[in-house]
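Enquirer: Quick one: this structure, given as structure tokens, is what I'll be asking you about.
The numbers here are math on the coordinates, done by the rules we state, and not lab data. The structure displayed is predicted, hence computed values, not measured ones. No Cβ is skipped: glycine too gets one built from the backbone with ideal geometry, and neighbour counts run over all protein chains shown.
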Amino acid sequence: MGSIKGKAIRTVVLAGLTFAVTGGLIAMGQPLIVALGVRMASFVTGAAGVAGGIFTLWSAGDLAVGAKKQLAIAAEERKTQKLDVKSDELPVEDMTSPEATRARLLRIREGSPGLMNLMDRCTAQLDRMDELQRRQGELLSLNKAAYLKDTVGTLDTVEREICLNLRGVVNQCIVAGDGADESRLDVEKVDSILAQNQKLLDQSRELLVVSADWIDKYNSQEGGADRSLLDNWIKVIQNTINGGGFA
């Protein structure tokens, strides 16, 4: 069949040859007539033009058909691509990341002023989590309390859970579209998500308080302090996470 480019070149070449041959025969004029006679010379010139024209038209038609097929194939490919997109081929936005979550909340805030207050409440929860993690880090660093690194891991888990919960709010905002306000959201579900996050924040603060108390006892009793209360708070947080997610 040949490519579209090849067919286009062929059409141009055939048209050029037809013009050249016909023009050359006409240019020969009198010598051609003398050699073949008036009737035969006219026949040869006309036949050359007709033949060249037929081949040129055929080539042009073939080019048009080929181009039409290529356009149809391209359109079908685009349609197929839309239908065959798999979840693992979609761009990934890590909604367990506080940075990605903050960026998404900011985009919604800018696109929907009516959701500004809600986005600020969501961002405030991320800010509060950052503050608790910073304080826990300072507490462990000041007291060289590497033995409490599991509490750092617990707070990291809480942060990821808060981000995942906020994805439920983000999903509603996406469905509502730009320019939406809170009246277009499931307010009851949104409040439940934020309440769950607040519960995790309160428990994380208690873990911070218990950590400080236990460090003081640990330092004064040379490692003999009972850690059961601290471990219980870690379990409480884990149970809250395992018991209810809104992602």
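Enquirer: Of the listed peptides 114-127, 178-191, what is their order by residue-averaged count of other C-beta atoms within 10 Å, with the highest listed first?
Expert: Ranking the peptides 114-127, 178-191 by packing returns 114-127, 178-191.
Enquirer: Provide the packing ranking of 209-218, 132-141, i.e. peptides ordered by the mean count of other C-beta atoms within 10 Å per residue, highest first.
Expert: In decreasing order of mean packing, 209-218, 132-141 become 209-218, 132-141.
Enquirer: Multiplying the sequence separation of K199 and D216 by 0.36 nm and subtracting their Cα-Cα distance, what value in nm do you get?
Expert: Length difference between fully extended and current span is 3.5 nm.
Enquirer: Under 1.5 on a/c is rounded, so check that first for the stretch 98-243, then, if it is not, pick prolate when a/b is larger than b/c and oblate when it is not; a ≥ b ≥ c are the square roots of the alpha carbon gyration tensor eigenvalues. Display every interim value, and only then the final one.
Expert: Details: a/c = 3.65, a/b = 2.54, b/c = 1.44.
It comes out prolate by the Cα gyration axes.
Enquirer: Further, regarding this structure: To the nearest 0.05, what FRET efficiency results for D181 and T157 with a Förster distance of 35 Å applied to their C-beta separation?
Expert: 0.55
Enquirer: Turning to a different aspect of this structure: Starting from the Cα of K144, step 7 Å along the direction of its Cβ; do the same at A124; then give the gap between the two resulting points in nm.
Expert: 4.1
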